[in-house]
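The values are calculated or read from the model by the stated rules, or taken from the named source; none is laboratory data. Keep in mind that this is a model prediction, so the values were computed, not measured. Here the Cβ is made from the backbone with ideal geometry for all residues, glycine too, and neighbour counts use every protein chain on show. With ligands, DNA and RNA removed, areas are computed over all heavy atoms of the protein, side chains included. Shrake-Rupley method; radii C 1.70, N 1.55, O 1.52, S 1.80 Å.
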Amino acid sequence: IPWESNWNNGSKKQQRIGQKLARLHYKIANVRSDYTHKLTTYLTMNYSKIFVEDLAVAEMVENAKTKHIARAISDVNFGELRRQLSYKTRWYGSELVVRDRYMPSSKKCSGCGFIKNSLSIKARVYRCEACGLEIDRDLNAAKNLAI
């Protein structure tokens, strides 16, 4: 049992609480793993091309303004998602297209190609100063990745 070996020190109550906590973490890890497998299988079976951005996750975690953001970035598990997409696309005959990590996918207008100098992480709507396009930030980035 993977959660019993680490909790040998302390009182019986501390050991019991530690084992409960370890069991909970084990269940959460299994739920995340299951969801990642189901998501990647769904994507590779239903889409012929999948576009992803090559992210510098370690840099994102290091540069996060708070520990809560850093933990959230770590919890998403980008590396495992990309690993599973790469082998499952070969299994199911779809194609994985990896875009450059320095491509300004969020800052570039998907309508006219104008690139903003800066874009706040809080800005959820992309507004282009050149053509006036207003679009969800993530949808704009997705359109830029697919070009």
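Start at zero, step by 5 Å, and the Cα-Cα distances of the chain spread as 2, 8, 12, 14, 15, 15, 12, 7, 5, 4, 3, 1, 1, 0 percent across the bins. Relative to the current alpha-carbon distance between Y87 and R101, full extension at 0.36 nm per residue lengthens the span by 3.0 nm.
So if a site counts as exposed when it's one of the GluC sites (Glu not before Pro), its DSSP state isn't H, G, I, E or B, and it has at most 16 other Cβ atoms within 10 Å, what's the longest stretch of the chain without one? Don't skip to the answer; put the middle values down first.
Working: sites that count: E4, E129.
Longest gap between qualifying sites, sites excluded: 5-128.
With all protein chains present, how much of the accessible area of the range 101-146 (probe radius 1.4 Å) comes from carbon and sulfur, to the nearest whole percent? C and S fraction of accessible area: 53 percent.
Relative to the longest principal axis of the chain, what angle (0 to 90°, nearest 10) does the C-alpha long axis of helix 12-46 take? The helix 12-46 is inclined about 30 degrees to the chain.
Could you tell me the distance between the Cα centroids of the range 19-49 and the range 66-88, to the nearest Å? That distance is 11 Å. Heavy-atom surface analysis with a 1.4 Å probe gives the range 32-90 a carbon and sulfur content of 55 percent of its accessible area. Taken about its Cα centre, the chain carries a charge dipole of roughly 600 debye when the Cβ of each Lys and Arg holds +1 and the Cβ of each Asp and Glu holds -1.
Each residue of the range 71-87 was assigned a 3J(HN,Hα) from its phi angle through the Karplus curve 6.51 cos²θ - 1.76 cosθ + 1.60 (θ = phi - 60°); the sequence is 5, 5, 5, 5, 5, 5, 6, 4, x, 5, 4, 5, 4, 5, 4, 5, 7 Hz, with glycine and proline shown as x.
If you count only protein heavy atoms with a 1.4 Å probe, what accessible area per residue comes out for the range 11-147, rounded to a whole Å²? Provide the component values of the computation, followed by the final result.
Working: 9640 Å² over 137 residues.
Heavy-atom SASA per residue in the range 11-147 reads 70 Å².
Ignoring everything except DSSP H segments at least 4 long, calculate the 222 nm mean residue ellipticity for the chain; use -39,500 (n - 2.57) per segment, divide by total residues, nearest 500. Numbers along the way, then the final one.
Values: 5 runs with 77 residues, N = 147.
Mean residue ellipticity at 222 nm (helix-derived): -17000 deg cm²/dmol.
Spin-label model, R71/K27: points 7 Å from Cα along the beta carbon direction are separated by 1.9 nm.
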